[in-house]
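A short reminder: the numbers here are calculations on the coordinates, not readings from a lab. The shown structure was predicted, so the numbers you read here are calculated from the model rather than taken from an experiment. For neighbour counting, all protein chains shown are included, and Cβ atoms are generated from backbone atoms with ideal geometry for every residue, glycine included.
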Amino acid sequence: MIYITSDHAGFELKNILVAWFQKSNKEFEDLYPEFIEADDYPDRAKELATKLKENSKAKGIAICGTGVGICIALNRYTWIRAVLSPKREIVRLSRQHNDSNIICLAGKYTTHKKAIAIVKVFLNTPFIKEERHTRRLSKIS
């Protein structure tokens, strides 16, 4: 399962990704279907983190204006490994080496095409379960 959320500043990009998921027939849940101008990214982060706690095999996509605020808010939860990167190679490595479970995007600064490319890498890259990676993750969990 893929959960996707945003605050008001990431709402447009989130909807682009929702449309892409619908066309791709991927299983997903939009946690923020209605626009609320006076929302706060920590609330969206808490809702997404709760979903991933309930389903540890799920992945998430979180979008705010810069991607930074929601990423910081998400990483306060010990079961979350959220990453913010506009580079596909770093996203790939974050999945392979760090088992990242949420990708954060900058709604104001990420093109639709780039967002889809980043999400594809995030969703299609497996975690490499080498001892050195699992050992490091156990130290931060």
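For the chain, the 222 nm mean residue ellipticity estimated from helices alone, with every DSSP H stretch of n ≥ 4 adding -39500 (n - 2.57) and the total spread over all residues, rounds to -15000 deg cm²/dmol.
Relative to the longest principal axis of the Cα atoms of the chain, the long axis of helix 41-54 lies at roughly 50 degrees. A DSSP coil position with no more than 12 other Cβ atoms inside 10 Å describes the following GluC sites (Glu not before Pro) in segment 1-101: 27, 34, 37. Straight-distance candidates among the aspartates and glutamates for linking to residue 46, with alpha-carbon spacing under 15 Å and chain neighbours fewer than 8 residues away dropped: 7, 30, 54.
Counting only pairs 8 or more places apart or on different chains, how many lysine pairs in segment 66-141 have C-alpha atoms closer than 23 Å?
8
A DSSP coil position with no more than 13 other Cβ atoms inside 10 Å describes the following trypsin sites (Lys or Arg not before Pro) in segment 22-75: 26, 57.
Be a star and scan segment 74-111 for residues whose amide nitrogen sits under 13 Å from the point 7 Å along the Cα-to-Cβ vector of residue 134. Once the point is set 7 Å along Cα→Cβ of residue 134, nothing inside segment 74-111 turns out to lie under 13 Å by backbone N.
When the square roots of the Cα gyration tensor eigenvalues are ordered a ≥ b ≥ c, the ratio a/c for segment 1-82 is 1.5 or more and a/b does not exceed b/c, which makes its shape oblate. FRET efficiency for the residue 111 to residue 35 pair, using the beta carbon distance and R₀ = 25 Å, is estimated at 0.75.
Residues whose amide H comes within less than 5 Å of that of residue 3, counting only those at least five positions distant or on another chain, are 29, 59, 60, 61 (H built at 1.01 Å from N in the peptide plane).
Taking only alpha carbon atoms, the chain gives an Rg to Rh ratio of 0.94, where Rh is the Kirkwood radius. For residue 105, the residues whose modelled amide H falls within less than 5 Å of its own, excluding neighbours fewer than 5 places apart on the same chain, are 62, 63, 64.
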